[in-house]
Amino acid sequence: MTQLEHIPERREITLDLLRKRSEHNEHQLHNLEELALHQENLTHIGNALNRICGKTLKILLLQNNVIESIGNDLRQCRSLEYLNLALNNLTHVRGLQGCEFLNKLDLTLNFISVTNFASSLEHLSDLDHLRELYLLGNPSAEEVHLNWKDAYYRYCVINALPQLCQLDGVDIKKSERIAAHQQSEEIHRVLLQLVEREALQVKKDSFECKVGKEDLTGHSPGVRAAMSRENAQQLVEKERNENTNKPKFKSEQDIERDHASTLERIKALEEQRKSNDRVRMKNEGKWTFAFDEDTQPGFLLLTVNVQKHLSTSLIDVDIHPWHVTIVIKSKILRLVFPVEVKVSESKAERSTTTGALLLRMPKFDPRAVSILSRGANQKKSFHKVRKERLTTGDSLVADANKSKSKTKELVVNIQKIVETECNVDSTQEMVAVEDEEDNIPPPFW
């Protein structure tokens, strides 16, 4: 792992972490009663918890961290009833004297040694309301030498904490209390022997560490602290990458500030622009808009489709005789008018249902027709003429077809007449020829 030096050695509860983990209480800290801070790689509890919500807190879950000691970080948590410190790096129990109403304490899988066992139990004996205690997984509870775990561990706790009702999830019976009282001297003797044995083992382990032997089990406060630090570094890297790829959302103050700066910039440009300079249209926000001259004669209407829930304070309209500049959420919309308008009588309105912006501007010359209207009329007349031509063409085709049929009939009739006339003439010619043959003079011989 790289760049571990950026992770501080002391990691404690902060105000931001409290707000983050108080979502179930609508991020309110003054009346917070339950708080879960497990798996946060904490090494200390810190004073923020005491100062902000210590008086109201009843349930505090701090399991699976690397907290080394409690200290005085819970001295004002008087109302605390359940404290979970399982899977931490505690070697002794101190600093709970302020938790008067503590009812349940979970110290599972910590590093409370046999040497600190008696002093830890003595500290807990002052908590009169303590009824449930969990110590499984600690060296003082798992020691098998001299049959401590099976024969003496439970009796030792019962003797030291007579107010307990449950130990490691098992109810304490009356017979156990009697047996613990009867074996109190034997328990004390065995515990002293285990303390001496543990002291010798600590010396041996320290010598082996100097020689260079490694802890093969990997279950020690130092190993867990190193793993926690590495996990904290990974979380920081992950959060940094997520923030880099996450879109940046501006606050309302930032949006208003950008909008005001845009207005100042446009105002400066308008002052610098000369009267004869050409106005260039611009649509930075890709807003859809439409001009209308037919709905209200003598007026030019401009409709700009704006989001319904956009604040009107983020819309600024600057109307000129031949153009308009609209700033919507620091984005510019500049449009040139097709006709000249009266600036002093123009009005800007906004729809309460759709949020659309409507500019109602009277024309300087009410009879003036814009290029858009003329173009629309020309387009309309063009389509009308085209339709008429198409209709005329259809009628001409029909007339032509009709004339063709009449012509065909005429040709047929003419042919009939011609044929009839030809037959009559040929008959007359034959008769005439016959008559002429009758009048032929005889030959000369």
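The values are calculated or read from the model by the stated rules, or taken from the named source; none is laboratory data. Please read all numbers here as calculations on a predicted model, not as lab measurements. We place every Cβ from the backbone using ideal geometry, glycine too, and count neighbours over all the protein chains shown. Just the protein is used for accessible areas: all its heavy atoms, side chains included, with ligands, DNA and RNA removed. Shrake-Rupley method; radii C 1.70, N 1.55, O 1.52, S 1.80 Å.
Failed condition for Leu102, given (1) hydrophobic (A, V, I, L, M, F, W, C); (2) part of a strand (DSSP E or B); (3) more than 30 Å from Ala226 (Cβ to Cβ), with all others met?
The failed condition is (2).
Please go through segment 44-58 and pick out each residue that is in contact with a Lys or Arg (Cβ under 9 Å, 6 or more places away or on another chain) and either at pLDDT 95 or above or open to solvent by 50 Å² or more (accessible area, probe 1.4 Å) (or both).
Hit for segment 44-58 is Lys55, nothing else.
Looking at (1) of a type outside the set (Asp, Glu); (2) in contact with a Leu (Cβ under 6 Å, 6 or more places away or on another chain); (3) farther than 21 Å from Ala179 by Cα, which one does Ala160 not meet, given that it meets all the others?
(3)
Consider Leu130 against the criteria (1) open to solvent by less than 10 Å² (accessible area, probe 1.4 Å); (2) in contact with a strand residue (DSSP E or B) (Cβ under 6 Å, 6 or more places away or on another chain): it satisfies all of them except one. Which criterion is unmet?
(2)
Taking the stated definitions as given, is Thr312 open to solvent by 10 Å² or more (accessible area, probe 1.4 Å), of a type in the set (S, T, N, Q) and at pLDDT 90 or above?
Judged against the criteria, Thr312 is not a match.
Find the residue count for segment 180-211, including only residues that are open to solvent by less than 40 Å² (accessible area, probe 1.4 Å), under 58 Å from the mean Cα position of the chain (by Cα) and without any contact (Cβ under 8 Å) to a residue 40 or more places away in the chain.
Count: 0.
Given Ser69, Ser120, which one is of a type in the set (Gly, Ala, Ser), open to solvent by less than 50 Å² (accessible area, probe 1.4 Å) and assigned to a loop (DSSP other than H, G, I, E, B)?
Ser69
Any idea which of Ile45, Ile70 is of a type outside the set (S, T, N, Q) and within 33 Å of the chain's Cα centre (by Cα)?
The unique qualifying residue is Ile45.
Does Cys77 qualify as being crowded, with 21+ Cβ neighbours inside 10 Å, outside any helix (DSSP H, G or I) and in contact with a Ser or Thr (Cβ under 9 Å, 6 or more places away or on another chain)?
So Cys77 does not fit the description; no.
Which residues, taken from segment 180-197, are over 16 Å from Phe117 (Cα atoms) and in contact with a His (Cβ under 7 Å, 6 or more places away or on another chain)?
Across segment 180-197, there are no qualifying residues.
Tally time: how many residues in segment 321-345 are modelled with pLDDT of 85 or more, among the polar types (S, T, N, Q) and buried (at least 19 other Cβ atoms within 10 Å of the Cβ)?
Count: 1.
Hey, among the residues in segment 101-117 that are among the aromatic types (Phe, Trp, Tyr) and in contact (Cβ under 8 Å) with a residue 40 or more places away in the chain, which one's surrounded by the most Cβ atoms within 10 Å (Cβ to Cβ)?
Step by step, filter segment 101-117, then rank; the result is Phe117.
Against the definition (within 16 Å of Glu349 (Cα to Cα), without any contact (Cβ under 8 Å) to a residue 24 or more places away in the chain and surrounded by fewer than 18 Cβ atoms within 10 Å (Cβ to Cβ)), how does Asp318 come out, yes or no?
For Asp318, the condition - within 16 Å of Glu349 (Cα to Cα), without any contact (Cβ under 8 Å) to a residue 24 or more places away in the chain and surrounded by fewer than 18 Cβ atoms within 10 Å (Cβ to Cβ) - is not met.
Out of all the residues in segment 16-32, is one or more among the hydroxyl-bearing types (Ser, Thr, Tyr), open to solvent by 10 Å² or more (accessible area, probe 1.4 Å) and part of a loop (DSSP other than H, G, I, E, B)?
Looking through segment 16-32, none of the residues is among the hydroxyl-bearing types (Ser, Thr, Tyr), open to solvent by 10 Å² or more (accessible area, probe 1.4 Å) and part of a loop (DSSP other than H, G, I, E, B).
Give me the residue from segment 157-179 that is among the small types (Gly, Ala, Ser) and over 15 Å from Phe117 (Cβ atoms) and, out of that set, surrounded by the fewest Cβ atoms within 10 Å (Cβ to Cβ).
Ranking the candidates gives Ser175 first.
Quick one: which residue in Val190, Val195 is aliphatic (A, V, I, L, M), assigned to a helix (DSSP H, G or I) and touching a Leu at 6+ places or on another chain (Cβ under 7 Å)?
On the way: Val195 fails: touching a Leu at 6+ places or on another chain (Cβ under 7 Å).
Of the residues listed, the single one that is aliphatic (A, V, I, L, M), assigned to a helix (DSSP H, G or I) and touching a Leu at 6+ places or on another chain (Cβ under 7 Å) is Val190.
Any idea which of (1) assigned to a loop (DSSP other than H, G, I, E, B); (2) under 38 Å from the mean Cα position of the chain (by Cα); (3) modelled with pLDDT of 95 or more is the one Thr108 doesn't satisfy?
Of (1) assigned to a loop (DSSP other than H, G, I, E, B); (2) under 38 Å from the mean Cα position of the chain (by Cα); (3) modelled with pLDDT of 95 or more, only one is false for Thr108: (2).
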